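Q: Sharing a structure with you now.
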Amino acid sequence: VIEIRNLHKSYGSLEVLKGVDMAAPRGHVVSLIGSSGSGKSTLLRCCNLLEDSQEGDILFEGESVRWKGEGLNRHPADRAQVIRIRTNLSMVFQQFNLWSHMTILQNVMEAPVTVLGRPRDEVEAAARKYLDKVGIGEKCDAYPAMLSGGQQQRAAIARALCMEPRALLFDEPTSALDPELEQEVVRVIKALAEEGRTMLLVTHDMRLAADVSDHVVFLHQGRIEEEGPPDVLFGSPKTDRLRQFLSATA
Ligand code: ATP
Ligand code: MG
């Protein structure tokens, strides 16, 4: 579904991604691990057109969607592409980013109704279905501040699902949560993986990465240092850098 080829991204003179090649094929879960500052969030943000990039390509179902930094949002055609890509690659952030003045149900319904123009009653039925699925169906009418962090993150996942995306992008979905609440979210992510959803998951949780991934990519200073199936990558890391990283996070 998503293919990244030789991607280069700089912020000014700081080169953050130095030629990254990776893919998340349909039905696969690919996890991205690496130390703070290695470029994981930047990579996800490039896929979702939240960042431009200087070189390489990002393909979504074979179509180039890389933001080349040339007047995106200025042309109506580009605006339509941004909406289509963000709909199809729905992103879940570390800090939930729910609207505090809207109920949970309204949060989940907002983008499908206002951005995609889907019929309100159809979207409401879908929103309730996804909120049930993540286990917070009874919180529809609550405001985000009334929910625990784990519940808020599950609402954010329901909101992403309600876009009916082709793939989900997760950026550290559990790292803002206390350990007990983390498990609620981990359970939801595991269930989505078992359903065969395509996911690109940035995580600090090595156990989660080992449990759900088909493929794990270790990013180090903007380059892929090592990658492979989780049992191989975690069981017998080849490079010193990955060994160091894994012993530091254990
Ligand atoms: P973490 O695990 O801490 O979330 P990360 O791997 O997600 O780290 P990124 O957020 O992708 O790392 O950041 C990679 C590098 O890019 C860092 O050196 C960061 O300081 C820099 N960076 C990120 N966003 C910007 C920005 N908007 N402007 C300038 N530099 C940035
Ligand atoms: Mg990050």
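Q: For the subset of segment 96-127 comprising residues that are farther than 21 Å from Gly137 by Cα and touching a residue at least 12 places away in the same chain (Cβ under 8 Å), which member is surrounded by the most Cβ atoms within 10 Å (Cβ to Cβ)?
A: Leu116
Q: Please work out if Trp99 is assigned to a loop (DSSP other than H, G, I, E, B) and either touching a Phe, Trp or Tyr at 6+ places or on another chain (Cβ under 7 Å) or more than 15 Å from ligand 1 (Cβ to nearest atom) (or both).
A: yes
Q: What residue, of Ala80, Ala23, is within 23 Å of Pro230 (Cα to Cα), without any contact (Cβ under 8 Å) to a residue 40 or more places away in the chain and not aromatic (Phe, Trp, Tyr)?
A: The unique qualifying residue is Ala23.
Q: So, of the residues in segment 35-54 that are more than 6 Å from ligand 1 (Cβ to nearest atom) and in a loop (DSSP other than H, G, I, E, B), which turns out to be farthest from Val65 (Cα to Cα)?
A: Selected residue: Ser35.
Q: I've got another one for you. Give all pairs with beta carbons closer than 7 Å in which a residue from segment 37-58 that is among the acidic types (Asp, Glu) meets a residue that is within 12 Å of ligand 1 (Cβ to nearest atom); count only pairs at least 6 apart in sequence or on separate chains.
A: Here the result reads Glu51/Lys9; Glu51/Thr42; Glu51/Arg45, each pair linking segment 37-58 to a residue that is within 12 Å of ligand 1 (Cβ to nearest atom).
The numbers here are math on the coordinates, done by the rules we state, and not lab data. All values reported here derive from a predicted model rather than from experimental measurement. Heads up, the Cβs are rebuilt from the backbone with ideal geometry, glycines too, and the neighbour counts pull from every protein chain shown.
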